[in-house]
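Undergrad: Mind having a look at this structure? Questions to follow.
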Amino acid sequence: MSAEHSVYILLTNTGTLFTRLIQGYTKAPYNHASISFNRELSELYSFGRKHPANPLNGGFVREDIHTGTYSKYPGTTCVIYELKVTVREVEKMKRVLQVFIRSRQKYLYNILGVIGIALKEPVEFSNSYFCSQFVAEILERSGIRLWNKLPALVTPDDFRQSERLQLIYYGKLSDYTPSEK
């Protein structure tokens, strides 16, 4: 594999009630996953809150580490992983992402899918994802399989456990400053 490029997986813990509930069950330190196509995380995508003040209105979102939900929770902790990929894999991921961007209004947050993880049963609906399911789906549709499981069963902690991902940062998200390679 010619690993000429990288994508970045951001795992976060905002400390909100919803994330504390998930963490109480999973015991995992991070419970939200996002994908970025640059080290600065300026192109960051996931499934989560559409509006910072309303946890019930979720769907496909372009996130910003300086504004929106993350600015509302300045104590957010995170880990950032780098995944080496080929130019072709990046092209595929961006094509898959464009489908989500073009139809972003029709996508919903898959809250039942989160419950399905607890039951170890995938709960999948057309146009409905939760954060780690979305990131795993982007990777899988691009030919990258990090695990032998359906995207609907992938948790944020699965990314943390993947041997293909290289840790490049951990700490407070607000303190993150991308370093030059």
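The values are calculated or read from the model by the stated rules, or taken from the named source; none is laboratory data. Being a predicted model, the structure only gives us computed values, none of them experimental. Virtual Cβ from ideal backbone geometry, glycine too; neighbours counted across all protein chains shown. Just the protein is used for accessible areas: all its heavy atoms, side chains included, with ligands, DNA and RNA removed. Shrake-Rupley method; radii C 1.70, N 1.55, O 1.52, S 1.80 Å.
Undergrad: State yes or no: is E40 among the acidic types (D, E), farther than 17 Å from S132 by Cα and in contact with a helix residue (DSSP H, G or I) (Cβ under 6 Å, 6 or more places away or on another chain)?
TA: no
Undergrad: Would you say F60 is outside any helix (DSSP H, G or I), among the hydrophobic types (A, V, I, L, M, F, W, C), closer than 23 Å to R20 by Cα and in contact with a Cys (Cβ under 8 Å, 6 or more places away or on another chain)? Before the answer, list the steps.
TA: Numbers: outside any helix (DSSP H, G or I): yes; among the hydrophobic types (A, V, I, L, M, F, W, C): yes; closer than 23 Å to R20 by Cα: yes; in contact with a Cys (Cβ under 8 Å, 6 or more places away or on another chain): no.
No.
Undergrad: Another one. Which helices (runs of 4 or more DSSP H) does the stretch 68-181 wholly contain that include 2 or more residues that are open to solvent by less than 80 Å² (accessible area, probe 1.4 Å) and either over 25 Å from R49 (Cβ atoms) or among the hydrophobic types (A, V, I, L, M, F, W, C) (or both)?
TA: Fully inside the stretch 68-181 and qualifying: 87-102, 111-119, 131-141.
Undergrad: State yes or no: is G15 modelled with pLDDT under 95, surrounded by fewer than 18 Cβ atoms within 10 Å (Cβ to Cβ) and under 19 Å from I115 (Cα atoms)?
TA: Considered against the rule, which asks whether it is modelled with pLDDT under 95, surrounded by fewer than 18 Cβ atoms within 10 Å (Cβ to Cβ) and under 19 Å from I115 (Cα atoms), G15 comes out as no.
Undergrad: Within the stretch 52-67, track down each residue that is surrounded by fewer than 16 Cβ atoms within 10 Å (Cβ to Cβ) and in contact (Cβ under 8 Å) with a residue 60 or more places away in the chain.
TA: Across the stretch 52-67, there are no qualifying residues.
Undergrad: Continuing with the same structure: Just checking, which of E63, E40 is acidic (D, E), touching a Pro at 6+ places or on another chain (Cβ under 6 Å) and within 18 Å of T12 (Cα to Cα)?
TA: After applying the criteria, what remains is E40.
Undergrad: Listed residues E89, E163, E124; which is free of Cβ contacts under 8 Å to residues at least 12 places away in the same chain and of a type in the set (D, E)?
TA: E163
Undergrad: Give the residues of the stretch 30-51 that are open to solvent by less than 10 Å² (accessible area, probe 1.4 Å) and part of a loop (DSSP other than H, G, I, E, B), sorted by residue number.
TA: Scanning the stretch 30-51 gives a single hit, L41.
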